[in-house]
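Student: Structure incoming, see below.
Values in this text are rule-based calculations from the coordinates and carry no lab data. Since we're looking at a predicted model, the values are computed, not measured. Note: ideal-geometry Cβ built from the backbone for every residue, glycine included; neighbour counts use all protein chains shown.
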């Protein structure tokens, strides 16, 4: 029986690497996958999921108006799809998470999503909120704070390394913009 999976973490925990490994495992067994990533993240070029360790794979973008259920049905008419993999799942909308549930429940196809749970102010992203509520399987991918404790939060910094406390929830970036920290150092606003 297919399930909806949510694999979440702070920044720099290897979410994209885990997604790409899962994709490889399916393809190695002769199965077909479809990969999606958010149109909000164009750091590495268009339509690609890239891991910090240097591996990548082509992916379709999802936009705020993308109907993932309809896209899946359309693509599966060309070739049966054995698994859906979604990177940057925190950027999904509530309705899109519902659509992923329909792929699982009505079409018996597993959906593996990977994303960040909370933003730089400690607030849930919309996609993460509904994936936490509606997923069949939830798994934390762990990374560490500079103190050695488990990092569960992120702190946003500017180009000078100064901590940013206010701003838009969505600002795509990597190591130059975000630092994973434990709750203690998030509350203390300490990055070293």
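Student: Please name all residue pairs, on different chains or six or more residues apart, with Cβ atoms under 8 Å, provided the first residue is in segment 12-26 and is free of Cβ contacts under 8 Å to residues at least 40 places away in the same chain and the second residue is surrounded by fewer than 21 Cβ atoms within 10 Å (Cβ to Cβ).
Tutor: Listed by first residue and then by second, the contacts come to 17/51; 17/52; 17/53; 17/55; 20/51; 20/55; 20/56; 20/57.
Student: On to the next question. With respect to residue 132, is the statement that it is more than 24 Å from residue 82 (Cβ to Cβ) and either part of a helix (DSSP H, G or I) or within 13 Å of the chain's Cα centre (by Cα) (or both) true? I'd like the intermediate steps shown before the answer.
Tutor: On the way: more than 24 Å from residue 82 (Cβ to Cβ): yes; either part of a helix (DSSP H, G or I) or within 13 Å of the chain's Cα centre (by Cα) (or both): yes.
Yes, satisfied.
Student: Pairs under 7 Å by beta carbon, first residue touching a residue at least 40 places away in the same chain (Cβ under 8 Å) in segment 65-81, partner outside any helix (DSSP H, G or I) and surrounded by 17 or more Cβ atoms within 10 Å (Cβ to Cβ), six or more apart or different chains?
Tutor: From segment 65-81, the pairs are 75/34; 75/81; 81/33; 81/34; 81/109.
Student: List, please: which pairs have Cβ atoms under 9 Å, are six or more places apart or on different chains, and start with a residue in segment 131-145 that is without any contact (Cβ under 8 Å) to a residue 24 or more places away in the chain and on the phi < 0 side of the Ramachandran plot and end with one that is surrounded by 14 or more Cβ atoms within 10 Å (Cβ to Cβ) and in a helix (DSSP H, G or I)?
Tutor: Going by the 9 Å Cβ cut-off, the qualifying pairs are 133/97.
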